[in-house]
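No value in this document is a laboratory result; all are computed from the given coordinates. Quantities reported herein were computed from a predicted structural model and do not represent experimental measurements. FYI the Cβ positions are ideal-geometry reconstructions off the backbone, even for glycines, and counts take in every protein chain you see.
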């Protein structure tokens, strides 16, 4: 999965800018049509990042038909954030297979498309808007990180 080439780090999962563009288009297309909330595991990480202003959507309002694709991308972003946090530490050399296992055991959010709840109509507007804002913030951060890493190459 990961290797060090000339002291360069190769992350466990490659995230292409085209993937982020497609993901953002999917989110925008389905913005008004969510019918379920995804509630990630390890929400203590999310809740520890402030009130309602978390960078991770919790819960995330999505159309059930796209829940799996959305969860997969959010997990890639969560893993990447975890691995970026290992850079310049004693654990940097473990980025890859070992860091993936460390991420699974960490308190970082892990999204599972099987963990969905029907949208509660009473909470729908506020929770939907908050989750979409958190998701778009997460995408902007990922895009900026990707651009920075491309400039470093």
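Enumerate the residues in the stretch 58-99 having an amide nitrogen under 20 Å from the point lying 7 Å beyond the Cα of residue 21 toward its Cβ. Correct set: 70, 73-74, 77. Each label point was placed 7 Å from the Cα along the Cα-to-Cβ direction; for residue 129 and residue 146 their separation is 2.8 nm.
Multiplying the residue separation of residue 115 and residue 10 by 0.36 nm and subtracting their alpha-carbon distance yields 34.7 nm.
Pairs of Cα atoms in the stretch 60-122 fall into 5 Å distance bins, from 0 up to the last occupied one, in shares of 3, 17, 24, 18, 13, 10, 8, 4, 2, 1 percent.
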